[in-house]
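Read through the structure below, which is laid out as structure tokens, and then see the notes.
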Amino acid sequence: MEDKSLRRIKTASLILFLLYMGCIQLAAQEAPRKYVALKTAEPLSIDGKADEPSWFNAKWSNDFIDIEGIKKPRYKTRMKMLWDDTYLYFFAQMEEPHIWGTLKQRDTVIFYNNDFEIFIDPDGDTHNYMEFEMNALNTVWDLFLTKPYRNQGKVLDSWDIQGLKSAVQIDGTLNISNDIDRGWSVEIAIPWSVLTEASNNNKPPKNEFWRINFSRVNWDFELTDRRYSRKKGKNGKYLPEYNWVWSPQGVINMHEPEHWGYVYFSTKKLDVTDFEIPQDDQIKRYLYNLYRRLLNSGDAFDAVKLEVSNLSKIIADEEIKVSIEEHGSGWNLFTQSPFTKRILMIKEDGKFLSKEN
């Protein structure tokens, strides 16, 4: 009897634990992080130090978390942002006991080294977004994606950020293996003239928000003749990388832009104020949850379509029901917002639209 009771207790505990972990996972998917970027009060020198007064006044972000939103990373990472009428500025600080880098050619696959990455979707429609990566050698990779990989988008690898400024500051030694380093920091300035090419406005988004996320790729390493390289397992293949991000994705995939965080560009220089994510964006997140189910349904599309059409969700005390329309070139998932009366729609290719009814 005691053994059966003990098994029941263990089983119940396991179920409660799994439910708890599921709640954490759901929270990671449902709650993108927010950041208020202040306007700089003086010109900034891009040297990797971020020692101007405006940087001191800028608030640190939350510490980065594992990409799925559950595990705490081995090393601390955090970032700050500022802006002026010409540039959008980034500063990131990364703990790292062994700072190394081998890639020196621009537009090579930088995440084969430890790196820092920025993802920017100005319109928040998941299409036409930018990716930027750099390593501890200040080697950069900038690219433009017309759509996420799941939607067979094109990757414009020859696209460059004209007027980019970047710098690295090493707190320790670079590529020296017989000591322990403290970390490295990066400072980046990207011209608005480049960033706004993918938005609906050619001006900085004053008192508006963009969808942005950050990732830090970190590898286990091995030494050969005191030279760093990615570590391989017993099967001869590289061990998987660690992905640490600002706003958790809920999946090991940075290319689901609907999970990215919200960055609000305040015209204030000192006062850090919070902002509310619009209620329509809460509906938008729900629509993308359903969209991913439809997109991945395969031969079961009709069954999933019926299931999704019968679902509803309460958002800010309003019931949200969705519809699916099929047409000659695909299908659309949509609903009418009870808050703005606008039609919120995701097309089959993943593009989000918000339009007057």
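The values are calculated or read from the model by the stated rules, or taken from the named source; none is laboratory data. Keep in mind that what you see is a predicted model, and the values were worked out from it rather than measured. Here the Cβ positions follow ideal geometry from the backbone for every residue, glycine too, while neighbour counts run over all protein chains shown. For accessibility, only protein heavy atoms count, side chains too; no ligands or nucleic acids. Shrake-Rupley method; radii C 1.70, N 1.55, O 1.52, S 1.80 Å.
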remark   = Within region 222-263, of all residues that are aliphatic (A, V, I, L, M) and either within 30 Å of residue 126 (Cβ to Cβ) or part of a strand (DSSP E or B) (or both), the one most open to solvent (accessible area, probe 1.4 Å) is 252
task = Would you mention how many residues in region 328-348 are in a strand (DSSP E or B) and closer than 19 Å to residue 282 by Cα?
result = 10
note = Scanning region 79-95 residue by residue, those in contact with a Phe, Trp or Tyr (Cβ under 6 Å, 6 or more places away or on another chain) and of a type in the set (Asp, Glu) turn out to be 95
message = So, residue 123, is that one in a strand (DSSP E or B), of a type in the set (D, E, K, R) and under 18 Å from residue 254 (Cα atoms) or not?
response = no
request  = Within region 176-201, count every residue that is surrounded by fewer than 15 Cβ atoms within 10 Å (Cβ to Cβ) and farther than 26 Å from residue 265 by Cα.
outcome  = 6
query = Scanning region 269-312 for residues that are charged (D, E, K, R), under 25 Å from the mean Cα position of the chain (by Cα) and over 21 Å from residue 152 (Cα atoms), which turns out surrounded by the most Cβ atoms within 10 Å (Cβ to Cβ)?
reply = 284
Among the residues listed as 105, 93, the single one being out of contact with any Gly (no Cβ under 9 Å at 6 or more places or on another chain) and modelled with pLDDT of 95 or more = 105
message = So the check is Cβ under 7 Å with 6+ separation or different chains; which pairs have a first residue in region 332-357 that's among the aliphatic types (A, V, I, L, M) and a second one that's assigned to a loop (DSSP other than H, G, I, E, B) and open to solvent by 70 Å² or more (accessible area, probe 1.4 Å)?
response = 343/357
inquiry  = Of everything in region 286-327, what is assigned to a loop (DSSP other than H, G, I, E, B), on the phi > 0 side of the Ramachandran plot and without any contact (Cβ under 8 Å) to a residue 24 or more places away in the chain? Give them in sequence order.
reply    = 317
request  = Tell me, please, whether a residue that is surrounded by fewer than 21 Cβ atoms within 10 Å (Cβ to Cβ), touching a helix residue (DSSP H, G or I) at 6+ places or on another chain (Cβ under 7 Å) and outside any strand (DSSP E or B) can be found in region 208-221.
outcome  = no
ask   = Restricting attention to region 296-310, which residues are of a type in the set (S, T, N, Q) and touching a helix residue (DSSP H, G or I) at 6+ places or on another chain (Cβ under 8 Å)?
value = 297
ask   = Hey, among the residues in region 124-175 that are open to solvent by 40 Å² or more (accessible area, probe 1.4 Å), of a type in the set (A, V, I, L, M) and under 30 Å from residue 224 (Cβ atoms), which one's farthest from the chain's Cα centre (by Cα)?
value = 174
request  = Filter region 127-145 down to residues that are of a type in the set (S, T, N, Q) and either out of contact with any Leu (no Cβ under 7 Å at 6 or more places or on another chain) or modelled with pLDDT under 95 (or both), then give me how many there are.
outcome  = 2
